[in-house]
1. Would it be correct to say that B:Ser185 is in contact with a helix residue (DSSP H, G or I) (Cβ under 6 Å, 6 or more places away or on another chain) and hydroxyl-bearing (Ser, Thr, Tyr)?
2. Can you confirm whether A:Ser80 is among the small types (Gly, Ala, Ser) and closer than 15 Å to A:Leu127 by Cβ?
3. Output the number of the condition that B:Val119 fails; it satisfies all remaining conditions of (1) within 14 Å of another protein chain (Cβ to nearest Cβ); (2) part of a helix (DSSP H, G or I).
4. If I filter the range B:170-183 for residues that are within 10 Å of chain A (Cβ to nearest Cβ), surrounded by fewer than 19 Cβ atoms within 10 Å (Cβ to Cβ), on the phi < 0 side of the Ramachandran plot and touching a residue at least 40 places away in the same chain (Cβ under 8 Å), do I get at least one hit?
5. Condition first: touching a residue at least 60 places away in the same chain (Cβ under 8 Å), more than 10 Å from chain A (Cβ to nearest Cβ) and open to solvent by 40 Å² or more (accessible area, probe 1.4 Å). Now tell me which residues in the range B:205-224 satisfy that.
6. Suppose we keep only residues that are at pLDDT below 85 and small (Gly, Ala, Ser) within the range A:100-136. Which one would you say is surrounded by the most Cβ atoms within 10 Å (Cβ to Cβ)?
7. Counting just the residues of the range B:122-151 that are more than 22 Å from A:Val154 (Cβ to Cβ) and either in contact with a strand residue (DSSP E or B) (Cβ under 8 Å, 6 or more places away or on another chain) or open to solvent by less than 20 Å² (accessible area, probe 1.4 Å) (or both), which one comes out nearest to the other protein chains (Cβ to nearest Cβ)?
Amino acid sequence: MSLPIRTLLLVATTALMVITLYLVYFWVPTEQVMGVVQRIFYFHVPLATGAFLGYTIIFVASIVYLVRPSARWDAVAHASAEVGLLFTTLMLLSGVLWSKPVWGIWWDWSPRLTTSLILWFIYVGYLMLRAYAPRGSRGARYAAVLGVIGFVDVPIIYLSTRLWRDVHPVQMVGPGAEVGALDPSMETTLLIAIVTFIVLFSYLVVERYRLRRAEEETERMQLAYGQR
Amino acid sequence: MKAYIRAVFAILWKDFLLEIRAKEVVTPVLVFALLVAITFNFVFGTQPALVAVVASGTLWVSFTFAGVLGLGRAFALEKERGGLDGLTLTPVSRDALYLGKLLSAFLFMLAVEVVMLPVISILFDLPLVLPALWLVVVLATLGFAAVGTVFSALAASTRAREVLLPVLFFPIVLPVIIAAVESTSAILRGDGWSQYARWVGLTAAFDAVFIVVSAALFQFTLGE
């Protein structure tokens, strides 16, 4: 049953990615002030969408798991954590690459940047907990506890970094600053890119989920036959 | 309700007795906290102007590092001697268990800080024994203990728990650390309440959110 979903997502991802790449590199006009480097924007913002989507899926899956434990929801949370970490890492890297030529610095401690960095650390901690926790339902429960606490903390972290920047004001930067002034063609490109990356995200999560289920199945079989 | 409160205090009393007799948490953690503070002294030098700038950072780095060390001990002790299994067998609700462990972690950290503040005052020649600062210390320590108790229970049953606890703990309590450092700096500069009220408010909100969330989640860190 899951084979058609997987194939569908793979075909959709490939098709959308070709369209997005065409739009980003050939169709959309070059931004006047920032130049060609601004095209990173069409990857950076969709990656960020995926990063936060992963977080939300972990939160929901963790709550469902704690209320009604099942290996499926645990696998969903685990898969989105891995893909989410990948997206967060790429988001941070693309942000750094964009920041240097445009604002002259690799990194500024703006609230968004700081929150994203902390988010990255929570993702890493989550996966480390999964790696070091006892196998089976106990490890899954531990991970779910962290999944809930981590998500609840994100708005508090954002608020605290925003208050912190009020105390140490530096130049105001961030993708948010120019979103309102986007050309319609840029807006279309961005929108399609976001959809593409959400589909890509879903495809990777589905693949990882299947792999994880297969791992569990193999383990069960090894256990069953090894003991005989 | 009365039985609930009695259960919470029974757990607190148990940890207190253990500490009085074995002395395995407060004393070593206090020595460690002092060493962290003194190391900072060598890193930044002793110029009075510089000390005034880095004082609040020094204070909070030593408190958080010492805090995470103490939190790790709290559940490692329970684990080593099978105490946690005994505790989970008692007919006490899981959130009463959490509150008891939270209170003992909070009071142990506070005990270390009560000694640290005057000692750092003397060593760095700063007026740190101020009522406003105590409020900040109490609220921040409560936040550390609220999250730390759950993470300590999680980490105690994992491999590499000494490393895992700080890796989980620091990103989550970052808002408390920022708030504590900013309000301590403001207090040391002699700023009024209005300058740091929002930080105190943020810490109080963090405490409230995470005491409730952690009390609800603590049950999942126990048992097989």
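The values are calculated or read from the model by the stated rules, or taken from the named source; none is laboratory data. Predicted model only: the values in this text are computed from it and were never measured. Note that we place each Cβ from the backbone using ideal geometry, even for glycine, and neighbour counts take in every protein chain shown. The protein model used for the area step is the full one, side chains on, heavy atoms only, and it has no ligands, DNA or RNA in it. Shrake-Rupley method; radii C 1.70, N 1.55, O 1.52, S 1.80 Å.
1. Answer is yes for this residue.
2. Yes, satisfied.
3. (1)
4. Within the range B:170-183, one or more residues are within 10 Å of chain A (Cβ to nearest Cβ), surrounded by fewer than 19 Cβ atoms within 10 Å (Cβ to Cβ), on the phi < 0 side of the Ramachandran plot and touching a residue at least 40 places away in the same chain (Cβ under 8 Å).
5. Answer for the range B:205-224, where residues must be touching a residue at least 60 places away in the same chain (Cβ under 8 Å), more than 10 Å from chain A (Cβ to nearest Cβ) and open to solvent by 40 Å² or more (accessible area, probe 1.4 Å): just B:Ile211.
6. Ranking the qualifying residues of the range A:100-136, first place goes to A:Ser110.
7. Ranking the candidates gives B:Val136 first.
Listed here are the residues, each with its yes/no results for (1) of a type outside the set (Lys, Arg); (2) in a helix (DSSP H, G or I); (3) in contact (Cβ under 8 Å) with a residue 40 or more places away in the chain.
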site	(1), (2), (3)
A:Val83	yes, yes, yes
A:Leu86	yes, yes, yes
A:Thr89	yes, yes, no
A:Val102	yes, yes, yes
A:Asp108	yes, no, yes
A:Arg112	no, yes, yes
A:Gly139	yes, yes, no
A:Ile156	yes, yes, no
